[in-house]
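Have a look at the structure below before the remarks.
The values are calculated or read from the model by the stated rules, or taken from the named source; none is laboratory data. All values reported here derive from a predicted model rather than from experimental measurement. With ideal geometry, Cβ positions are generated from the backbone for all residues, glycine too; neighbour counts draw on all protein chains shown. What goes into the accessible areas is simple: the full protein's heavy atoms, side chains included, and nothing from ligands, DNA or RNA. Shrake-Rupley method; radii C 1.70, N 1.55, O 1.52, S 1.80 Å.
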Amino acid sequence: MKFTKMHGLGNDYVYVNCFEETIENPEELARFISDRHFGVGSDGLILIHPSKVADFEMIMYNADGSRGEMCGNGIRCVAKYVYDYKLTEKTEISVETLGGIKYLELNVKDEKVESVKVNMGSPELAADKIPVKSQNQKVMNEPIDVEGITYHMTCVSMGNPHAVIFVNDIKDLDLEKIGPKFENHERFPNRINTEFVRVIDKETVEMRVWERGSGETLACGTGACATVVACILNGYTNDEVTVHLLGGDLQIQWDKKENLIYMTGPATIVFDGEIQI
Ligand SMILES: N[C@H](CCC[C@H](N)C(=O)O)C(=O)O
């Protein structure tokens, strides 16, 4: 099977062009190929398919083989793949995902995609749609107990579920210990992606993320969008924010008039490969 290793700010996936390849058991392939010792090594697997309702379809699997509804860093890499490998000449494309059809603007330099602006759609705040168990319609700075400590979370879906936790310091977090406790907490029927965020000023935040099905990653596009929505709802930032992630920066904007979230960031091809499956 031919594949391409790509990343968005270090959030790395193995990409397969399913116009050319047929994948029998993608969950099993995701688990094998993501393994950083016995496989290629990645945060998961992303399949690029034809679509009946958009230019392309993105199907994304986490490293544990579970399917994610949407992947922000991944969809920017899909855009780079289809343009740089000449599956399209368009610099505005649509991509079908489980989280709905997304519209992308490709910023091209010397015939290669350098960065991508993604219309990530509208954030979902209704607790039962995220889903998260709560007495309230929306989960805004609600307490949640993990390992004997009470955190306060704001929950947002960007197609996939997120719990945003504001902290004073993101460096001294023991994510390996508390990440899985949040991910598998009984309040999240479909598990959860958890962002730990320090607000720096009205235009700048920094965050780390423990991803459902993949653990700590260097960046998370949908997580950065959920983070900015939570910041704005809590009055911590303006509507345009630079999000510092371990792997680099994303620009996130909530167009309140249209109720649309825009994410702008890079996409990188690391190498092409072939693997016996
Ligand atoms: N890394 C992805 C998010 C993956 C989310 C996945 N872990 C899930 O199960 O929702 C991003 O850049 O948006």
Yes/no for ASP43 being of a type in the set (Asp, Glu), surrounded by fewer than 21 Cβ atoms within 10 Å (Cβ to Cβ) and either at negative phi or not assigned by TED's automatic domain parsing to the domain that holds CYS225 (or both): no
Extreme residue, farthest from GLU20 (Cα to Cα), among residues of segment 73-102 that are in contact with a Leu (Cβ under 8 Å, 6 or more places away or on another chain) and open to solvent by less than 10 Å² (accessible area, probe 1.4 Å): ASN73
Among (1) in a loop (DSSP other than H, G, I, E, B); (2) under 21 Å from GLU183 (Cα atoms) - the single one GLU20 does not satisfy: (2)
Residues satisfying the stated conditions in segment 168-200, i.e. part of a loop (DSSP other than H, G, I, E, B) and within 21 Å of GLU69 (Cα to Cα): ASN184, HIS185, GLU186, ARG187, PHE188, PRO189, ASN190, ARG191, ILE192
Test: residue in segment 78-92 that is under 22 Å from GLU183 (Cβ atoms) and basic (Lys, Arg): no
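Would it be correct to say that GLY159 is at positive phi, touching a Leu at 6+ places or on another chain (Cβ under 9 Å) and either not small (Gly, Ala, Ser) or not in a strand (DSSP E or B) (or both)?
Yes: the conditions hold for GLY159.
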Residues being assigned to a strand (DSSP E or B) and more than 16 Å from the ligand (Cβ to nearest atom) - total across segment 210-240: 1
